[in-house]
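Encoded as structure tokens, the structure appears first; notes follow it.
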Amino acid sequence: MTPQSITAFFPAYNDAGTIGDLVITALQTLQQITPDYEVVVVNDGSTDHTASILNELAQRHPRLRVIHHPRNGGYGAALRTGFANARKEWVFYTDGDGQYDPRELLRLVRAVRDDVDVVNGYKIFRCDPLHRIVIGLVYHHITRLAFGFRLRDVDCDFRLIRRRVLDRVPLESDTGVICVEMVKKFQDTGFRFAEVPVCHFHRVYGKSQFFRFGRLCRVAVHLVWLWHKLVICRAHLTTEPSAVGVPLRGDLHV
């Protein structure tokens, strides 16, 4: 089963050294899958040359749409904006830092079936400094145990999702914890996953915003709040399904 249409989406924050190659690679890869495709990039208030690079690319490539947040809203905010603005049947996303190869979207597409709603990548090997690998493993095991995940790699941001899934499941998080929220809600709502191994590469430009003490503390607090809401209160199962959300209260311009 081949998707009839795909939106490929990148959240980007200070990714001037990688985002151009990712966009071009995504455009070339999508041509091999379907004639009905688009690429969307959400520039989440970058302070480097990300915005100017994307604007120039958009002038040359009509299939590319760029959305600029006037200020940094967080990883989750960028994802929600991208999901809300995706127009196609399937939505693929990965990060703008170049640690995943968009060409491996072809692997995800080969796993698409009538009974699959989300194709989730999992890292064959994590190419990061040792401290990030250790923190990532601790984070993975804590969230897997606390939220009852059955996936191998909840935190692998290389996913292909049916548009109708995003229409039914509202997402709220503005931080990187949105991945935990997303998978938990998809799983509890009964959507079906396929898993595909993908490569993970060393970061060649910029610095991760996640692995900082202050941000890790905020993530821990957010995880506890999310655990109480989704595991204890199960609030997402007692409310009516709604759309994925709308752009941030008029703070966007294209």
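Quick notes on this structure:
- Close Lys pairs in segment 6-237 (alpha-carbon distance under 24 Å; sequence gap of 8 or more, or different chains): 7.
- Cα gyration tensor shape for segment 39-101, rounded if a/c is under 1.5, else prolate or oblate: rounded
- In terms of its C-alpha gyration tensor, segment 1-106 has a prolate overall shape, because the principal axis ratio a/c (a ≥ b ≥ c, square roots of the eigenvalues) is not below 1.5 and a/b outweighs b/c.
- Take every DSSP beta bridge whose two residues both sit in the chain; close to 30 percent of them are antiparallel.
- Debye log10 I(q)/I(0) for the chain, one point scatterer per Cα, at q = 0.14, 0.15 Å⁻¹: -0.94, -1.11
- Highest average packing first - 112-118, 174-180, Cβ atoms within 10 Å: 174-180, 112-118
- Longest segment of the chain lacking GluC sites (Glu not before Pro) that sit in a DSSP loop with at most 16 other Cβ atoms within 10 Å: 1-88
- Over segment 57-207: Kirkwood hydrodynamic radius from C-alpha pairwise inverse distances, Å: 16.4
- Charge dipole (Cα centre; +1 on Lys/Arg Cβ, -1 on Asp/Glu Cβ; no other charges) of segment 6-237 amounts to roughly 480 debye.
- Translational D in µm²/s for segment 55-139 (Stokes-Einstein at 20 °C, 1.002 mPa s, Kirkwood Rh from C-alpha pairs): 134
- Comparing T29, L64, G121 along the charge dipole axis of the chain, the residue lying farthest to the positive side is G121, per the Cβ-charge model.
- The slack between I142 and A194, meaning 0.36 nm per residue of separation minus the straight C-alpha distance, is 16.5 nm.
- For the chain, the residue among H140, A86, G45 whose Cα projects farthest onto the positive side of the dipole built from Cβ charges is H140.
- Estimated inter-spin distance, T47 and R126, nm [label 7 Å along Cα→Cβ]: 2.7
Values in this text are rule-based calculations from the coordinates and carry no lab data. The structure displayed is predicted, hence computed values, not measured ones. No Cβ is skipped: glycine too gets one built from the backbone with ideal geometry, and neighbour counts run over all protein chains shown.
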